[in-house]
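Following: one structure in structure tokens, then a few remarks.
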């Protein structure tokens, strides 16, 4: 039982390049999330998927797209990377996203640098 | 909108000292409250949570009490260890809305010296 896994762990891009961050969970959770973490700002929600087949914007969605490929997998795509997207990206999942008491489980993160 | 305000860091303590990290929130209704911990180079892990007023969450010697009257959820530990060195995040999940998005505080870096 690996929990939430993310690939890659590190990535360096040039401005304008594209890439996809992969996330998978093996806990049969319904809801999945993408956050970015910047110094002094905590975590901010980019996109989330309340259940398979649905996605919604979070607090900072500009410059990103997501795909909920199936119940296990939720990918984040940067179509044209910008230096402002340099950050650490975390994927998370929760069993029943419609309940406020639900715990979110986080992956180990992807450290992205855009030059 | 919802918000979480955490005590500014960094915080440096000697081993066996007492710890308090302040957290206050703004939200409508009755949110659930969480403390997450992030060890160096790792993702966030749930430390403890409380889902209704006056609930006390506890884990690994840490405690926090959900105080509705002061909209607070302060994290406390009576005797810290070097292994407690990490970044601590307070977060809330609203009582209504879809997918119950977490709102995080900015995090407090704790360093415990031997």
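Rule-based calculations on the coordinates, nothing more; no lab input. Just so it is clear, the structure is predicted and the values come from calculations on it, not from any experiment. Every residue, glycine as well, gets a Cβ built from its backbone with ideal geometry; the counts of neighbours run over all protein chains shown.
Averaged over its residues, how many other protein chain Cβ atoms are within 10 Å of peptide B:101-108's Cβ atoms?
Average per residue, whole number: 6.
How crowded by other chains is A:37-46, given as the mean number of beta carbons from other chains within 10 Å of each beta carbon?
Working: counts 7, 1, 2, 4, 4, 13, 11, 2, 5, 0.
The shielding value for this peptide is 5.
For chain B, modelled as a GNM with alpha-carbon contacts under 10 angstrom, which of B:41, B:29, B:61 fluctuates the most?
In the Gaussian network model the winner is B:41.
Taking springs between alpha-carbon atoms closer than 10 angstrom, which of A:93, A:84, A:49 fluctuates most in the Gaussian network model of chain A?
Sorting by GNM fluctuation, first place goes to A:84.
Normalised by the residues of segment B:1-65, what does the relative contact order come to in percent, with Cα pairs under 8 Å and at least six apart? Let's see the in-between values first.
Details: 78 pairs, mean separation 14.4, N = 65.
Dividing the mean separation by the residue count of segment B:1-65 yields 22 percent.
How would you rank A:32-39, B:44-51, B:19-26, highest first, on the average number of other Cβ atoms within 10 Å across their residues? Mind showing how you got there, number by number?
Working: A:32-39: 22.5, B:44-51: 20.0, B:19-26: 17.9.
Averaged packing, sorted descending, gives the order A:32-39, B:44-51, B:19-26.
How high is the relative contact order of chain B, in percent, with contacts defined as C-alpha pairs under 8 Å that are six or more residues apart? Intermediate results must be reported in sequence, preceding the final value.
Numbers: 299 pairs, mean separation 41.6, N = 114.
Once divided by the residue count of chain B, the mean separation gives 36 percent.
How far apart, in nm, are the 7 Å Cα→Cβ label points at residue B:54 and residue B:71?
The modelled label-to-label distance comes out at 2.2 nm.
Rank the residues B:82, B:4 as a footprinting-exposure proxy: fewest other Cβ atoms within 10 Å of their Cβ go first.
On the way: B:82 11, B:4 23.
Ordered from fewest to most neighbouring Cβ atoms within 10 Å, B:82, B:4 come out as B:82, B:4.
Compute the distance from the alpha-carbon center of segment A:1-15 to that of segment B:22-64, in whole Å.
Segment A:1-15 and segment B:22-64 have Cα centres separated by 26 Å.
More than 29 angstrom separation, counting every C-alpha pair in the protein assembly as shown; what % is that?
Details: 7061 of 26106 pairs.
Summing the P(r) of the protein assembly as shown above 29 Å gives 27 percent of all pairs.
If each residue's Cβ is checked for other Cβ atoms within 10 Å, how do A:67, A:51, A:18 rank with the fewest at the top?
Values: A:67 14, A:51 17, A:18 10.
So the residues, fewest neighbours to most, are A:18, A:67, A:51.
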